[in-house]
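Q: Submitted below is the structure of interest, expressed as structure tokens.
Read-outs throughout are calculated quantities, based only on the coordinates presented, and are distinct from any laboratory measurement. Owing to the predicted nature of the structure, the values given are computational and were not obtained by experimental measurement. No Cβ is skipped: glycine too gets one built from the backbone with ideal geometry, and neighbour counts run over all protein chains shown.
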Amino acid sequence: MDKITRRQFGTTLAKGIGGAALVAASPVNCMVSSANQKKRLGIALVGLGSYSTYQLAPALQDTEHCYLAGIVTGTPAKEGVWANRYGIPKENIYNYDNFDGIANNDSIDVVYVVLPNSMHAEFSIRAAQAGKHVICEKPMAMNVAECDEIIAACKKAGVTLGMGYRLHSEPYTKAVKGFVKDKTFGAINYISADAAYRSMSNPNQWRLNRKLSGGGALMNMGVYAIQSVIYGTGENPISVSAQEFSTRPEYFKETDETITAQFEFKSGAIGNIMTSHNVRANRLFASCERGWFELDPASTYIPLAGRTSRGELNFKQESQQKLQMDDFASHILFGTPNVAPGEMGRRDMVIVEAIYESIKRGGQKMALNFEPTYGFGG
Ligand code: NAD
């Protein structure tokens with residue numbers, strides 16, 4: 001198969017994505033950009049678990065438009081370790097109790113919430129009330145009502161809300177969005193997305209505790225599968241039907257192990273997802289009128305890989321988290337699109353709730369009523 005490079009797909013990317021580079025090149029944005037070119041946003045990470053430690057903090061060492069300015073942790077022993085490793089001044093270190101004092105700290109512009117799911121709403125709202133822009137990890141919250149509260153708090157405070165949906169800043173995913181927008185392979189007839197892993201070796205982890213996670217595989221990797229069928233068709237679904245499978249009930253006592261769901265789209269496209277905490281799979285595949293495209297893996301950190309009926313995709317591998325945080329900072333600094341706004345996180349939570357409801361009702365088809373572009377980012 002021929003390799004398809006970024007240059008060959010350049011037209012598709014430029015036309016279809018409208019990403020940061022393209023927007024920054026316009027005369028208006030050049031003016032905004034030169035006014036802000038020395039400014040970088042200070043980010044404070046809330047929750048210093050594995051994602052902050054091994055992905056976000058290292059990525060923040062390479063970002064262009066933001067940097068690691070502060071930390072918020074409930075574990076005092078981490079304060080000194082992080083301060084030494086990243087040169088974080090004492091006044092930029094907070095715990096969960098004194099966190100609200102961040103309102104008086106001008107060196108922190110953005111609060112990035114990287115806590116167990118049950119804590120996303122509380123800390124996103126407190127961050128907004130402190131006047132800070134918010135990045136919230138996936139899933140946005142425990143339910144749609146909490147998503148609404150986060151969105152309302154950010155609106156009221158006049159701060160920007162973005163989701164930690166790193167794939168929207170990543171070149172393979174951007175290429176897929178470009179194929180869909182440009183109809184490179186014609187209409188999408190069928191799309192399937194699997195997002196699943198099998199590394200549940202610690203039975204005491206919060207992801208298996210319903211009070212902290214809100215659910216199992218669906219609340220975790222399932223969000224990626226839902227995302228995939230939406231950006232892989234360019235449409236919000238109009239219905240979903242779902243099934244749950246349990247093979248290790250003694251281990252997955254409180255949370256879902258494996259879920260499948262089928263989607264209908266207004267265009268006639270059909271979608272199918274599988275998410276699991278007990279199966280390994282990570283793939284997006286679309287069968288189209290004039291060919292197909294596939295990412296496998298489709299949602300791991302790096303490296304993603306992809307191919308199409310016309311050849312292989314071959315993009316530069318970069319930290320997705322670096323690209324994501326720079327995209328968010330660019331939105332605030334230069335007015336480029338917010339590629340993963342809070343409404344996108346809320347839309348996905350509406351779908352999560354519909355999937356759980358469908359399972360409860362024995363697989364009944366649930367109607368979904370989104371505006372056609374509701375939740376789509378820039
Ligand atoms: P983790 O278990 O490694 O870290 C959780 C952090 O929260 C720890 O620092 C822990 O001390 C703190 N914490 C505070 N209260 C806690 C409590 N009651 N129970 C357990 N921990 C508590 O988790 P993680 O993998 O870093 O995930 C954090 C968030 O980031 C989750 O919402 C997860 O979905 C999200 N995440 C996103 C991605 C992505 O690719 N976007 C990847 C991994 C995790």
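Q: Sorting VAL159, VAL144 on the 10 Å Cβ count, fewest up front, what's the list?
A: VAL144, VAL159
Q: Something else now. Counting only other residues whose beta carbon sits under 11 Å from that of ALA305, what net charge do I get with K and R as +1, D and E as -1?
A: -1
Q: Given springs between every Cα pair under 10 Å in a Gaussian network model of the chain, which of PRO303, PRO116, PRO76 has the largest fluctuation?
A: Highest fluctuation of the listed residues: PRO76.
Q: Given an 8 Å cut-off on Cα distances and at least 6 residues of separation, report the relative contact order of the chain as a percent.
A: Averaging sequence separation for qualifying contacts and normalising by length gives 20 percent for the chain.
Q: Let me ask something else about it. Tell me, GLU318, GLU250, GLU371 in order of fewest to most beta-carbon neighbours within 10 Å?
A: GLU250, GLU371, GLU318
Q: For THR275, THR336, which order do you get if you count the other beta carbons within 10 Å of each Cβ and list the fewest first?
A: THR336, THR275
Q: Still on this structure: What does the charge add up to near ASN204, with Lys and Arg as +1, Asp and Glu as -1, over the other residues with Cβ less than 14 Å from its Cβ?
A: Once all neighbours under 14 Å are counted, the net charge is +3.
Q: Another one. Please give the per residue volume of the convex hull enclosing the alpha carbon atoms of the chain, rounded to a whole number of Å³.
A: Convex hull volume per residue, Cα atoms: 137 Å³.
Q: OK, next. What is the sum of charges around ASP296, taking Lys and Arg as +1, Asp and Glu as -1, for the other residues whose C-beta is under 15 Å from the C-beta of ASP296?
A: That sum, taken over residues with Cβ under 15 Å, equals -1.
Q: With the cut-off at 31 Å, tell me which of the pairs LYS132/LYS360; LYS155/LYS211; LYS155/LYS316; LYS253/LYS316 have Cα atoms farther apart than that.
A: In this structure, LYS132/LYS360; LYS155/LYS316; LYS253/LYS316 lie more than 31 Å apart at Cα.
Q: Restricting to DSSP loop positions (anything but H, G, I, E, B) with no more than 16 other Cβ atoms inside 10 Å of their own Cβ, which trypsin sites (Lys or Arg not before Pro) remain in region 136-237?
A: LYS183, ARG198
Q: How high is the relative contact order of region 192-323? Use alpha-carbon pairs under 8 Å, at least six apart in sequence, and give a whole percent.
A: In percent, rounded to a whole number, it is 27.
Q: What value, in deg cm²/dmol to 500, does the helix sum -39500 (n - 2.57) over DSSP H runs of n ≥ 4 give at 222 nm once divided by the residues of the chain?
A: After summing the helix terms and dividing by the residues of the chain, the value is -9500 deg cm²/dmol.
Q: Follow-up. If the only charges are +1 at each Lys and Arg Cβ and -1 at each Asp and Glu Cβ, what is the size of the charge dipole of region 216-302 around the Cα centre, to the nearest 20 debye?
A: That gives a dipole near 140 debye.
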